[in-house]
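Just below is one structure, and these are the notes that go with it.
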Amino acid sequence: MSGGAPVLEICNLYVRLPPGADREYAAEDVSLQLHAREILCLVGESGSGKSLTARAVLGLLPRPHVHASGGRILFGSEDLLAVPEARLRETRGAAISMIFQEPMTALNPVMSIGHQIDEVLRVHTAMSRRERLARVMQLLEDVQLPEPARILGAYPHQLSGGQRQRAMIAMALILEPKVLIADEPTTALDVTTQAQILRLIRNLQATHHTTVLFITHDFGVVAEIAHRVAVMQNGRVVESASADQVLNRPTHPYTRELIAAVPALAPRESRKIDAAPVVLAIRELRKTYHTGGGLLSGGGRTVHAARGVSLELRRGETLGVVGESGSGKTTVAHCIVRLLDPDAGEVRLGDTDLCRLSRRQMRPFRRRIQMVFQDPFGSLNPRYKIGRLIAEGPIVHGVDPEAAWMRALELLQLVGLDQRAADRFPHEFSGGQRQRVGIARALALDPEILVADEPVSALDVSVQAQVLRLLADIRDRLHLSMIFITHDLRVAAQVCDSIAVMRHGEVVEYGPTARIFASPRHSYTRELLDSVPGRHWEVPAELSVAGG
Amino acid sequence: MSLLTQRFRYVGRRLLQAIPTVLAIVVINFLLLQLAEGDAADVLAGEAGSATPEYMAQLRQKFGLDQPVAVQLVVYVKNILLLDLGHSFRHDMPVLTLILQRLGPTLILMVTTILLAVGVGILLGLLAATGLNTWRDNIISVFALVSYATPLFWVGLMFIVVFSIRLGWFPVSGMENIAAFHIGWVRVADIARHLVLPALTLSLFYLALYTRLMRASMLEQSGMDYVTTARAKGLTERRITFRHIFRNALLPVVTMAGVQVGSLIGGSVVVESVFGWPGLGLLAFESLFARDLNLLMGIFFLSACLVVVVNLVVDIVYAFLDPRIEMR
Amino acid sequence: MAHAVRSVRHTRSAASRLREFWRLYRRNRAAVMGLLILLCVVVMAATADFIYPGDPFNLAGKPFAPPFGEFLFGTDSLGRDVAAGIVHGSRTSLLIGVVATAAAVTLGTLIGGVTGYYGGWLDDVLMRITEIFQTIPFFVFAILLVAVMKPSIQSIVIAIAVVSWPAVARLARGEFLSMRNREYVQACQVMGLGDARIIFLQILPNTLSPIIVTGSLMVATAILIESALAFLGLSDPNVMSWGFLVGSGRTHLRTAWWMCTFPGVAILLTVLAINLVGEGLNDALNPRIRDR
């Protein structure tokens, strides 16, 4: 792997941010070495500067606000920060290529896929039309796109996320570059698709002998494909060593903290839940959407978001609903709290079927089921102070405003925030803190049941661990029952007593977490488990913090 | 089903969708009729005092003015849809014929204006966006800003003062020199000479609109992810601007052009009356003068139909430009 | 496990919010200039009776007196003072512009907001209606309305409002539609808040910025429509109007060009100023990194 001169070397790179940003440098004195034919993973949380460092290599920083102000980037014998623009253009796409995170927006929506890939050849080579066509078709096959001839003339919106990313990879590898820079290419993809793309990248890298700089925030992905790892924090590289070293014997405290926060894939001890009474019973829930169509419009699509879903929640239990996007898990969650009206089925809370109630009748029941949302930025009204946001629910239900405010202050303490936060606005807090406020808000009405819709998916991994601990703590203290929606099997393993796996609107498998992880019965569950990146890697025991 | 058949079905379906719109306009006309002063027959007869008593009686009977309102509505709608828009005594011909006669000059003016406004607007917007914050951009932006604030009628009059009266380059009014009886290409040249000032006047406002829109659209597209990808492929800035950004930036401009057609007809009323251009706009102005509400309503109806057709054409053009839109 | 609150900006009182707003607005120099011009026009309108007392329709001197002589902008074909006409006309334009826009914005926001929030058949109906209004040549429609209702300040205001509200409704609908699916709105629904409370207290304050900007630009459009109507002869006969001045001068272009020119310049400056202010508002209410 290593040995010999590095293919690409970043020496003491400084990337400057515009005045007014939270720090002066996005990347500060960053030094990295990429050796031939290896995959180097650059890991860090959001805001660590990893993405901007990668972009600096090809001169893709959003100038003039953000620019490289010092250091060298050595490729071959040249310093890429010093070469003229024309030389940089020659290098881009030919000697060094890059792929990005969001395949939908990273491709030109009005140009066909074939045309966009062909463009690389037209700009860098003098190949004839026939030669170019043959080469493009070859690449489309290499990246395992079905029906390459059809894809050639297709537009980005006609392909799935995974297919678009394959097309991007084809575009990047068509001229056999020495280095491929991949900026979080699988973050926006479903877990099963992610596994396929990671496999593809690994295979192509081996066949074409490409060196890969892979940016990610997910240590599972690191465990899956990295040969070497560099960890970044606040613009600095804090640790850089072989993958085995960093994953199993990390030295820097920040790295240790990050790895400790990764939930292990081993399911938690099952607690004695079986004897508890059932508090919520969902039977044969159905919901279908009709999009498009309408009078004189023709067409329109029908989406069966939920097809006969049945689940049971016992007191004190955390029931996980796991699935990829489009599985219907969010629809089910919204039906439970009556944000949506299901087409058929029951949601029984105690003796009452919530689906039969009118909106007015539903009101008193709302106190008993509350929801925690996914997006820390969108789930709080930006114009209201925190205190008001938390107290509003109880006030609307008739609680005296003074008492409601007092309760809000108590809750803030319960979720680990300073009471002074009640006088501040949401934008003054970080993502993790906002999620805590969201939890406090949900608890304000003293619910029995909490529905958490991907509550940690938008958070950095270190913050994620804290919020998960908080949720577990609250659940135990207040004797709550929880329904936990997630796409992340690691999180589900840590937090849930039982799991329901959903796919295309149906529950394909349902049972205690330990059993499902140990011996999954449905093929899809097996596929899901196999797709978790880094599943063979065990988080070092002495670092792991119990999920609670 | 072949692509062509699919497209035909799409057009057919869109025309069908336009029917409720047309009906709504007829109903609006009817309501205005009720709102207007005097007997409905007075209004329908057109210019006050110019119709014969027999005709008035005939009208009363035909429109069933002694019947309940609902019946009147049905009769009215039926008549309009049969394209019986009434009779103009002043011009001594059916309203429909009169309108169709004047449609030609208005179309000439409108088409020229659209080509000018959209074409030059896109060009200026492109120039401004590619030379961001340079003197080129600043001049174009200021020009667009001022033009956008300028009243049409005033600018037309100022053009006449400067170019027709003081400089004598262009004729003061009219569409052609009727007394000269030109034919063939000479006639075309004559009309073209008369067309310059009116077209320039009418297009000024819309040109400003499209310039600003194109500039903003180009700027918005420049920040998109696919531009970074294109750069990462090693494309020159020139290629990125013209092959990638430009095509995407055009889309909102085309949409806006469709929306503006209705506004354009209103503008032509003003411009045609300033320049004496013998089109629908001037007819509307004249009917206002003569208090011929019936003629005005007829113009209203027909111009609305025109807008429906133009909107459809724009939609089809847009569908060709944007592969995300499926014509089903 | 108490986490300290992150270092925080001052709690925002109303006065400090205003100061912040002005700071952002000030960055756009053209917008400040526009504001100044607009203020001049408003002052002119407010003090019209002091600057040029009396009825502007009264004869003041010899007909066709050239400008920059005894009379600042000359006199018209009957001997009326053009400058007096311009000063008094500013009242009409501002009044009609502001009132018509206020009506259109209120109506449009209400209708658009409610249909955007509830969706369903209400939304379909509204979309159909705005489509129809988009198709109608709005200026011809305005002419028709004013002609039918007989020209007066009321009828002009009504006509402009009727023609303008669909655009606001479409904007409001779009905003409410996107807000409706935001999680903070969903949270309110799950907590059991009533619809009225959600629409007015939760969503509306967050959608005000684009509506305010659109509204301010609409005042400019309203003034252009009003002056065009007046030019065609559809102004309130009892009230002086800029468009009327231009219209009355069109037959005398060769001999008395100033009759048309100066009132037109007044319209141009006022509309320009309003547009600049509107853009300044936009920049101040939606601040983002300036790379324009």
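The values are calculated or read from the model by the stated rules, or taken from the named source; none is laboratory data. On a predicted model such as this, the values are computed, not experimentally measured, just so you know. In this analysis, Cβ positions are derived from the backbone assuming ideal geometry, glycine residues included, and neighbour counts consider all displayed protein chains.
A few points about this structure:
One line per residue, one yes/no per condition, for (1) in contact (Cβ under 8 Å) with a residue 40 or more places away in the chain; (2) within 25 Å of B:A257 (Cα to Cα):
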residue	(1), (2)
C:T106	no, no
C:G113	yes, no
C:G116	yes, no
C:V125	no, yes
C:E131	no, yes
C:T135	no, yes
C:A142	yes, yes
C:S152	yes, no
C:S164	yes, yes
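- Helices (runs of 4 or more DSSP H) within the range B:78-161 that include 2 or more residues aliphatic (A, V, I, L, M) and under 30 Å from B:M56 (Cβ atoms): B:95-130
- Put simply, of A:R363, A:R383 the only residue that is over 26 Å from A:F484 (Cα atoms), within 7 Å of chain C (Cβ to nearest Cβ) and not in a strand (DSSP E or B) is A:R383.
- Residue within the range A:423-431 that is more than 10 Å from chain C (Cβ to nearest Cβ), within 28 Å of A:R338 (Cβ to Cβ) and not in a loop (DSSP other than H, G, I, E, B) present: yes
- Residue that is in a loop (DSSP other than H, G, I, E, B), within 14 Å of chain B (Cβ to nearest Cβ), over 25 Å from A:D244 (Cβ atoms) and in contact (Cβ under 8 Å) with a residue 12 or more places away in the chain, where the choices are A:G59, A:G47: A:G59
- Residues that are in the same structural domain as A:A422 (by TED's automatic domain parsing), outside any loop (DSSP other than H, G, I, E, B) and within 30 Å of A:T187 (Cβ to Cβ) occur at least once in the range A:371-380.
- The set of residues in the range B:217-227 being out of contact with any Lys or Arg (no Cβ under 9 Å at 6 or more places or on another chain) and touching a residue at least 60 places away in the same chain (Cβ under 8 Å) consists of B:S217, B:M218, B:S222.
- Selection count, the range A:354-395, where residues are surrounded by 17 or more Cβ atoms within 10 Å (Cβ to Cβ), of a type in the set (F, W, Y) and either without any contact (Cβ under 8 Å) to a residue 12 or more places away in the chain or within 15 Å of C:N206 (Cβ to Cβ) (or both): 1
- Entirely in the range B:212-317, the helices (runs of 4 or more DSSP H) that have 2 or more residues that are within 13 Å of chain C (Cβ to nearest Cβ): B:246-275, B:280-289
- Residues being of a type in the set (D, E, K, R) and either within 16 Å of A:V191 (Cβ to Cβ) or under 21 Å from the mean Cα position of the chain (by Cα) (or both) - total across the range A:503-537: 6
- Within the option set A:E402, A:E392, A:E410, A:E346, being out of contact with any Phe, Trp or Tyr (no Cβ under 9 Å at 6 or more places or on another chain) and closer than 21 Å to A:L478 by Cβ holds for one residue only, A:E410.
- Members of the range C:140-167 that are over 27 Å from C:G113 (Cβ atoms) and within 11 Å of another protein chain (Cβ to nearest Cβ): C:V140, C:I143, C:L144, C:V146, C:A147, C:V148, C:M149, C:K150, C:P151, C:S155
- Qualifying residues in the range C:216-253 (those that are facing chain B (nearest Cβ under 8 Å) and part of a loop (DSSP other than H, G, I, E, B)) - the one modelled with the lowest pLDDT: C:L253
- Looking only at the range A:102-118, and only at residues there that are buried (at least 20 other Cβ atoms within 10 Å of the Cβ) and touching a residue at least 60 places away in the same chain (Cβ under 8 Å), the one that is farthest from B:Q221 (Cα to Cα): A:P103
- Every pair of residues 6+ apart whose Cβ atoms lie under 6 Å, when the first sits in the range B:230-241 and is closer than 20 Å to A:L175 by Cα while the second is of a type in the set (K, R) and surrounded by 23 or more Cβ atoms within 10 Å (Cβ to Cβ): B:A232/A:R92; B:G234/A:R92
- Looking across B:P198, B:P171, one residue alone is under 27 Å from the mean Cα position of the chain (by Cα), surrounded by 15 or more Cβ atoms within 10 Å (Cβ to Cβ) and not in a helix (DSSP H, G or I). It is B:P171.
- So A:E506, is it in contact with a helix residue (DSSP H, G or I) (Cβ under 9 Å, 6 or more places away or on another chain) and surrounded by fewer than 21 Cβ atoms within 10 Å (Cβ to Cβ): no
- Residue check for B:R166: out of contact with any Cys (no Cβ under 6 Å at 6 or more places or on another chain), at negative phi, among the charged types (D, E, K, R) and surrounded by fewer than 21 Cβ atoms within 10 Å (Cβ to Cβ): yes
- Residues in the range C:54-103 that are in a strand (DSSP E or B) and in contact with a Phe, Trp or Tyr (Cβ under 9 Å, 6 or more places away or on another chain) were compared, and the one that is surrounded by the most Cβ atoms within 10 Å (Cβ to Cβ) is C:T75.
- Yes/no for C:A256 being within 11 Å of chain B (Cβ to nearest Cβ), at pLDDT 90 or above and either farther than 20 Å from C:F139 by Cα or out of contact with any helix residue (DSSP H, G or I) (no Cβ under 6 Å at 6 or more places or on another chain) (or both): no
- Looking only at the range A:495-515, and only at residues there that are touching a strand residue (DSSP E or B) at 6+ places or on another chain (Cβ under 7 Å) and free of Cβ contacts under 8 Å to residues at least 60 places away in the same chain, the one that is nearest to A:L319 (Cα to Cα): A:G511
- Given (1) touching a Lys or Arg at 6+ places or on another chain (Cβ under 6 Å); (2) buried (at least 19 other Cβ atoms within 10 Å of the Cβ); (3) charged (D, E, K, R), number of the condition A:E448 does not satisfy: (2)
- In the range A:74-130, of all residues being farther than 14 Å from B:K233 by Cβ and facing chain B (nearest Cβ under 7 Å), the one that is farthest from the chain's Cα centre (by Cα) corresponds to A:V110.
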